[in-house]
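Data first, discussion second: the structure below is written as structure tokens.
The values are calculated or read from the model by the stated rules, or taken from the named source; none is laboratory data. Small disclaimer: the values here were computed from a predicted structure and weren't measured. Positions of Cβ are backbone-derived with ideal geometry, glycine not excepted, and every protein chain shown enters the neighbour counts. Side chains are part of the model used for accessible areas, which takes the heavy atoms of the whole protein and leaves out ligands, DNA and RNA. Shrake-Rupley method; radii C 1.70, N 1.55, O 1.52, S 1.80 Å.
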Amino acid sequence: MTDPSPLIAALRERLGPRVVTTDPERIAGWTTDWRGRWTGRTAALLEPRSTAEVQAIVRAAGDHRVPLVPQGGNSSMVGGATPDASGTALILSLRRMDAVRAIDPERRQVVVEAGMVLETLHARLLEAGLRLPLDLGARGSATLGGLASTNAGGTEVLRHGTMGAMVVGLEAVIAGGELLDTLSPLKKDNRGPRVDRLLVGGEGQFGVITALRLQLVAAPRDRASAWVAVDDPKAALELLRFCEARCGAIEGFELIPADVVAAAVAVMGVTPPIERAAWHVLVEAKGQGDPGTLAGALEAILGDALEAGLARDAVVARSEAQAEAFWRIRHSLSEAEKKHYGMANSHDVSVPVDAMPGFLKEVREAVEARWPGTSVSGYGHLGDGNIHLHVRAMDRACADWRETEGAAIERVVHDMVATHGGSISAEHGIGQMKRGEFARLGEPGRLQMLRALKAALDPAGIFNPGKLLP
Ligand code: MLT
Ligand code: ZN
């Protein structure tokens, strides 16, 4: 075990107490993950204000053989940004590096520092008539660096892809404090493979992202949101295909079961536009046409869908405020579910989109039969083949079941994911939570390459230990 004290003293001397804090009260908020599942320890929180300071920290950490846990908003769903319990690693927070370096309206690009919070960037871009087409519930805390390091998804992937699709280039500090800089707006650069892509979704294993050049789109002129009631996931999938065939502007298609909506009603005080439905769907369309055009189109499409028996009821938002209210419900689900039902045994999984209805049915039947008293529920990004599958104990008194049975349930769910040709991590990453399962089910070639890359690019094991790699 490496004692981090000499490194802390050296960094304090070099960068000052504003960058290096050992105050337990200030540190405390950053050592437990968002889910409250992993609490680690650290002797210091490092809060650099510039790339040069990150370089100094990484260089010194390498010299002292002290690991660093890069952290943005600490909103990882898989314990990807919290230190372990050994207390040897220091947290390297990027939150103070939150400047917009440049907005490039001609190319529709932005160069932004890693610590900027997604919601803040959205607001800045809107002023310039631009949009980063990525949104998720944690937008008020998730940082751009964290979103890139985890190749985050969210509710607009259907049309725009995951965060990685928006990364034009990046700046990162790699082992030894060297800088990797691909921030240039070059359209073509064929000097070998895109090594910077390793940091996108790399979960902080290969370096620390300090800035990003992101591809944007124009802020939409027109937007329509609809809340729809359907019978089951199969009907929802048919509805998705029906909508997509008639409208090229669909960018979100979220599926939510009744029990999860009920949680939001109970603890968030929200009123869903349709109260009684077995399954709810939230459809979003955005475009550059005249305001109101998409709402009209969506109304006509959903009218036809009702007639065709694909939907039971539908409400198209009448105003921007109503559309926002629909999405507030959607983005509150994770929090609402946790508050109402307690922490579930949760699985962020994907399967080919068309396989999702069958997968949901099979997994539910298998788990509920083998673990009587549990209930399997799933909500999320049906259009991406990505559902957040949650297994709950109906009797909250037996909250311990997650600890005792969790691993066995996880194996059953993941085996079924594998059978359906899916992924055990759709958009949340591997973090601490899925390392074991990644080792068990990851393709040998993928694991071999990742391990070799890690050994070559982080020989001293400085970057984010205990995450991603089995
Ligand atoms: C979501 O889609 O709401 C998030 O990915 C969070 C979750 O898995 O609950
Ligand atoms: Zn999600």
key: On Cα atoms only, tilt of 401-419 relative to the major axis of the chain in degrees   = 70
task = Using only the Cα atoms of the chain, construct the convex hull and provide its projected area averaged over every direction, in square nanometres to one decimal.
result = 22.4
ask   = If the viscosity is 0.890 mPa s and the temperature 25 °C, what Stokes-Einstein diffusion coefficient in µm²/s follows for the range 139-205 when Rh is the Kirkwood radius over Cα pairs?
value = 189
message = Only four residue types carry charge here, +1 at the Cβ of Lys and Arg and -1 at the Cβ of Asp and Glu. Report the dipole size of the chain about the Cα centre in Debye, rounded to the nearest 20.
response = 1060
Summed side-chain charge close to PRO465 - residues other than PRO465 whose Cβ falls under 15 Å, Lys, Arg +1, Asp, Glu -1 = +3
remark   = The summed charge of the ARG131 Cβ neighbourhood (under 10 Å; Lys/Arg +1, Asp/Glu -1) stands at 0
query = Going highest first, how would you order 459-470, 283-294, 111-122 by mean Cβ packing within 10 Å?
reply = 111-122, 459-470, 283-294
remark   = For the chain, longest principal axis from Cα atoms; helix 258-268 axis from its Cα atoms; angle between them, nearest 10 degrees, is 60
key: Positive-end residue, the chain charge dipole about Cα centroid, Cβ charges, pick of THR150, GLY289, GLY378   = THR150
inquiry  = Charges on Cβ only, +1 for Lys and Arg, -1 for Asp and Glu, centred on the Cα centroid of the range 253-378; of VAL260, PRO357, TRP327, which one is farthest towards the dipole's positive end?
reply    = VAL260
key: the range 54-96: C-alpha gyration tensor shape, a/c 1.5 cut-off, then a/b vs b/c   = oblate
ask   = Between VAL167 and residues 5 or more places away or on another chain, which pairs have amide H atoms under 5 Å apart, with H built 1.01 Å from N, and which residues are they?
value = GLN215
query = Which shape class applies to the range 279-384: rounded if a/c is under 1.5, otherwise prolate when a/b exceeds b/c and oblate if not, where a ≥ b ≥ c are the square roots of the Cα gyration tensor eigenvalues?
reply = prolate
message = Restricting to Cα pairs below 8 Å that are 6+ residues apart, what does the relative contact order work out to for the range 1-135? Please round to a whole percent.
response = 23
message = Taking 8 Å as the Cα distance limit and 6 or more residues as the minimum spacing, I'd like the relative contact order of the chain as a percentage.
response = 15
query = Amide H to amide H, which residues 5 or more places from GLY252 or on other chains are under 5 Å from it, using H placed in the peptide plane?
reply = GLU284
remark   = Honestly the range 1-57 on the Cα gyration tensor test (a ≥ b ≥ c root eigenvalues; a/c under 1.5 rounded, otherwise a/b vs b/c for prolate or oblate) is just prolate
note = In whole Hz, the Karplus estimates of ³J(HN,Hα) for the range 336-351 (6.51, -1.76, 1.60; θ = phi - 60°; x where Gly or Pro) are 4, 5, 4, 5, 7, 9, x, 5, 8, 7, 10, 9, 8, 10, 10, 9
remark   = For the range 204-353, the dipole about the Cα centre with charges only on Cβ (Lys and Arg +1, Asp and Glu -1), to the nearest 20 debye, works out at 380
key: Distant-in-sequence amide H partners of ASP313 (H built 1.01 Å from N, under 5 Å)   = ALA229
key: Environment charge at GLY309 (Cβ cut-off 11 Å; Lys +1, Arg +1, Asp -1, Glu -1)   = -3
task = Give me the accessible area per residue for the chain, probe 1.4 Å, as a whole number in Å².
result = 41
request  = Per DSSP H run of n ≥ 4, the term is -39500 (n - 2.57); total these for the chain, divide by its residue number, and report the mean residue ellipticity at 222 nm rounded to 500 deg cm²/dmol.
outcome  = -11000 deg cm²/dmol
message = Using the crude model of +1 on Lys and Arg Cβ and -1 on Asp and Glu Cβ, and no other charge, please compute the dipole size for the range 313-425 relative to its Cα centre, in debye to 20.
response = 220
With Cα atoms, 0 to 90° folded angle of helix 118-127 axis to the chain main axis = 70
task = Output ³J(HN,Hα) for the range 129-146: one whole-Hz value per residue in order, computed from phi by the Karplus curve 6.51 cos²θ - 1.76 cosθ + 1.60 with θ = phi - 60°, and x for Gly and Pro.
result = x, 10, 8, 8, x, 9, 8, 7, x, 8, 4, x, 10, 4, 9, 4, x, x
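If you roll a 1.4 Å probe over the chain with all protein chains in place, what percent of the accessible area is carbon or sulfur?
Here carbon and sulfur together make up 52 percent of the probe-accessible area.
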